[in-house]
Every structure is written in structure tokens, then in C-alpha cells.
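The values are calculated or read from the model by the stated rules, or taken from the named source; none is laboratory data. What you see is a predicted model, and the numbers here were worked out from it, not measured in a lab. Glycine also receives a Cβ, built like all others from the backbone with ideal geometry; neighbour counts cover every protein chain displayed.
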Amino acid sequence: MFLKMLFSISVALFVTLIGHYYLYLRLVDPIFGKSTLWITIFICLWSITFFGFIILRIVPHFLRKIFELIMFIWMGVAFLFTIVCLLTSPINMYLKATHQSTIHLCFFVIFSGTILTLYAMYLALKRPEVIHTHIKVKSILPNNIKNLKFVVLSDIHVSGLIGKKRMKYLAETVNSLNPDIIFITGDLMDGSLNQLKKEIAPLGDLYAKYGIFYITGNHEYYSGPQNWKHHFADKFKWKVISNSSQTVTIDNIAINILGIEDRHWLSYEKIPRKLDKRLQQAVNHLNFNGAPKEEALNILLAHQPKDARLLAHFPFIDLQISGHTHGGQIWPLQYIVKKDQKYVKGLYQINSNQQIYVNQGTGFWGPPMRLGTNCEITLMTFFSK
């Protein structure tokens, strides 16, 4: 565990240093030359990027907002500017090979990067988009299942940048959809209960006729998961599912909702990955309660899409609902996400009987920017084949 953490820190140190040095060489040096002022600025910006996550955990909330704004906006700006630099690198190499000035190219990159940054911030900060998804289910289920409405929220990431005002709008928007059930699939916050309980408070007004079902994401395990789970269960009256199940019967439709903890729970509980029995525990809980399976709609809530590999052992599960990926959030990160998670956003057919839906995030993480993705509230309905 220690070696893995040391490796991750070393990679982060290397990547951030190289990235800042590359931006300095491409955009600053051709215009200003070897400037002590700009070298100092870039060292400070790198320090904010590398040490910022530690600082966020210890500063008071009002300072956290300011620091997050500076840190995450710079992270997004640096990433987008690097992308533009890389895309224009053949032109840059040609100009240098022919001994021509690259100053005009620098100004073009700065202009393009600025426009791209502003557009990406607009996509992230605008109101979440309600995406209506129709999902086919087995024909044995009653036809009136099409009348039920399920809302999926995921990866809201309440923090210094996503706060009380946005949560109030989110609660009002979701309630206006009149959902029968709400699923919240983790990464709800980035911070401790003491830091963020006021910011997250409007979500206590969420209402669904047959209940709100919540599972943890990986970010809960950076933020004091037990405190948050008790808060949601006791204060918000949500149904917190931890490697267990709940069965809801609506008219003559049985809906089994299984929920597993995020994969970080294994490390938290000091359980080796090879002994991963999270879904088995949830299925055992369902069997213990004697819930029907073949005649029911069986839904698994699992924060990370790659947990879909567990479904092969439990073919009665019809649908997995996940988040975590943010759809990649900023192009072209979706290609890296796909390599890790396999499923990036939207609905996928896993096999002839099982599907997975991946919400691309109701909020955003890190830079308040999106490119090629949207903040999503999923409105999910089912119909019989």
C-alpha cells in the first residue's frame, strides 16, 4: 500500500512538473524570454496544483472556496492549453526547423486556449441537462412499469465550487420531475461533514414517492464515509445501501435494488481484492429476505462501471447503474477512462440479458469545465420487450 502511494505521488510530481515546464517553453519563453518573474509564477502555480489537495482538507470553508477557485481553474486552463499546444506542435517544430519566430503561434495558442476554456466553463457551470433514457426490460414484467419514473444522480461533488445554491436548484429540478424513485450513485461530496453539511443541506428536500436510495463512491472514502452515511440515513431519511438490498413493490411490480460499496471500501476494511464479496453479500441479503427475482426488476447500484464484471455470476440482475467516469469530463480524457472502466457514458448492452447505464455526472470534479460532456440528471423509464 505504501509503495503504491509513493508511486502515485512520484507520477503526479513528474507529470505536473513536466506539464508546467512544457507550457513555459511553448508560451512564455518565446514572448518574454528567461523571465525570473514568470519562472516564479509558474513555480507557484505548480505548487498550488501539486500540494493543493492537502491544503483543501485543512483550511476553513470560506478560504477553501477561494483556494479551490484558483487551483482548479488553473488546472483546467493548464490542461486545455497543453492540448492546444500538442495539437499545434507540428507547426511549432516546422517554424523552429526553418528558423522562424514562433511568437504569432504563441498568441494563437493563447487565444484558442482562452476561448476553449470559457466554453468549457460554460458547459460545466450551466444547469444540469435532464436526459430521458428508455430501457427495455424482460417481457415477464407488467406493462405498467412504463408508468414509473426513476431519477439517477451521480458524482455531484459538493465542494467549495459546487455549493448550496446549486443544490437548491438541483433539488427543485428533480422534484419537478415527480420521480417514483431516486438513485444516488456516489461521489456526492468532496470534504468532511463539518465542512460541507450546510452546502449539501438542500438535498434533504429531495422527494421520491417510494424512496431515495444511496450508495458510496470513492470520494466518500476521502471524506469520512461513516459520518456521511449516518447523516444521510438519520437526517435526510435516505435508504443507505451497503452491500445489501431493498425491495420495493409498486402496484404489482417488484423492484429489487441491490447496492454495493465503492471498491475503496475493500481497502477501508482491509479486505484483499481477491476476497471481494460485495455483490455476493448483497445477493445473500436479498435471498435471506425471500424476495422474488425472476418476476422482478433487479437493479444493481455500483459506483464504478468496471464492477459490471461481477454481473456474470448473477445473471438475474437486469441492469447496473453507475457513475464515476464523468463521461471523461474534458476531451480527450474519455479514451483514458474507457481503458480503465470500459463503459464511459450512456446505455450499454453487456449481454443478451444484462445492461449498464453510466451517468456522466450531475456535477463536476476539479476544474469547473466540461468538453464533450454535460452535467446530467438522468430520467429513466422502463418498458417491456
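Residue-wise test of (1) surrounded by 12 or more Cβ atoms within 10 Å (Cβ to Cβ); (2) hydroxyl-bearing (S, T, Y).
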site	(1), (2)
L6	no, no
G19	yes, no
Y24	yes, yes
P30	yes, no
L37	no, no
I54	no, no
P60	no, no
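Quick one: would you say G204 is within 22 Å of L279 (Cα to Cα) and either among the basic types (K, R) or more than 20 Å from the chain's Cα centre (by Cα) (or both)?
Criteria not met by G204.
Can you give me the number of residues within the stretch 339-385 that are over 19 Å from the mean Cα position of the chain (by Cα) and of a type in the set (V, I, T)? Step through it out loud before you land on a result.
Our first condition is that a residue be over 19 Å from the mean Cα position of the chain (by Cα); within the stretch 339-385, this holds for 349-355, 381-385.
From the residues that got through so far, the ones that are of a type in the set (V, I, T) too are 350, 381.
Qualifying residue count for the region: 2.
Restricting attention to the stretch 97-142, report how many residues are farther than 19 Å from L86 by Cα, touching a helix residue (DSSP H, G or I) at 6+ places or on another chain (Cβ under 8 Å) and surrounded by 13 or more Cβ atoms within 10 Å (Cβ to Cβ).
Summing the residues that are farther than 19 Å from L86 by Cα, touching a helix residue (DSSP H, G or I) at 6+ places or on another chain (Cβ under 8 Å) and surrounded by 13 or more Cβ atoms within 10 Å (Cβ to Cβ) in the stretch 97-142 gives 4.
Between residues in the stretch 247-267 that are without any contact (Cβ under 8 Å) to a residue 12 or more places away in the chain and closer than 15 Å to A282 by Cα and residues that are among the aromatic types (F, W, Y) and crowded, with 20+ Cβ neighbours inside 10 Å, which pairs lie under 7 Å by C-beta distance while being six or more apart or on different chains?
none
So which of F316, F382 is at pLDDT 90 or above, buried (at least 19 other Cβ atoms within 10 Å of the Cβ) and not in a helix (DSSP H, G or I)? Steps first, answer last, please.
Details: F316 fails: buried (at least 19 other Cβ atoms within 10 Å of the Cβ).
Sole residue among the options that is at pLDDT 90 or above, buried (at least 19 other Cβ atoms within 10 Å of the Cβ) and not in a helix (DSSP H, G or I): F382.
Restricted to the stretch 23-48, and to residues that are at pLDDT 85 or above and among the hydroxyl-bearing types (S, T, Y), which residue is nearest to L105 (Cα to Cα)?
Among those that are at pLDDT 85 or above and among the hydroxyl-bearing types (S, T, Y), it is Y24.
Restricting the first residue to the stretch 31-53 and requiring it to be without any contact (Cβ under 8 Å) to a residue 24 or more places away in the chain, which pairs with a second residue that is among the small types (G, A, S) meet a Cβ separation below 9 Å and a spacing of at least six or different chains?
Going by the 9 Å Cβ cut-off, the qualifying pairs are I41/S35.
Would you mind stating whether L196 is touching a Pro at 6+ places or on another chain (Cβ under 8 Å) and buried (at least 23 other Cβ atoms within 10 Å of the Cβ)?
Values: touching a Pro at 6+ places or on another chain (Cβ under 8 Å): no; buried (at least 23 other Cβ atoms within 10 Å of the Cβ): yes.
Judged against the criteria, L196 is not a match.
Filter the stretch 322-377 down to residues that are of a type in the set (F, W, Y) and assigned to a loop (DSSP other than H, G, I, E, B) and give me whichever is surrounded by the most Cβ atoms within 10 Å (Cβ to Cβ). I'd like the intermediate steps shown before the answer.
Step one: list which residues in the stretch 322-377 are of a type in the set (F, W, Y), which gives 331, 335, 343, 348, 357, 364-365.
Applying the additional criterion that residues be assigned to a loop (DSSP other than H, G, I, E, B) yields 331, 343, 364-365.
Working: W331: 16, Y343: 21, F364: 27, W365: 18.
Across the stretch 322-377, the extreme among qualifying residues is F364.
Give the stretch 147-160 a look and list any residue that's part of a strand (DSSP E or B) and of a type outside the set (F, W, Y), or say none.
Filtering the stretch 147-160 down to residues part of a strand (DSSP E or B) leaves 150-153, 158.
Once the filter is applied, which keeps residues that are part of a strand (DSSP E or B) and of a type outside the set (F, W, Y), the stretch 147-160 yields V151, V152, L153, V158.
On the basis of being surrounded by fewer than 19 Cβ atoms within 10 Å (Cβ to Cβ) and in a loop (DSSP other than H, G, I, E, B), does K237 make the cut?
Values: surrounded by fewer than 19 Cβ atoms within 10 Å (Cβ to Cβ): yes; in a loop (DSSP other than H, G, I, E, B): yes.
Yes, satisfied.
Does D187 fit the bill of being charged (D, E, K, R), within 21 Å of R263 (Cα to Cα) and out of contact with any Phe, Trp or Tyr (no Cβ under 6 Å at 6 or more places or on another chain)? Before you say what the answer is, go through the steps one by one.
Details: charged (D, E, K, R): yes; within 21 Å of R263 (Cα to Cα): yes; out of contact with any Phe, Trp or Tyr (no Cβ under 6 Å at 6 or more places or on another chain): yes.
So D187 fits the description; yes.
Between Y214, Y210, Y221, which is part of a loop (DSSP other than H, G, I, E, B) and of a type outside the set (D, E, K, R)? Write out each step before concluding.
Working: Y214 fails: part of a loop (DSSP other than H, G, I, E, B); Y221 fails: part of a loop (DSSP other than H, G, I, E, B).
Exactly one residue qualifies, and that residue is Y210.
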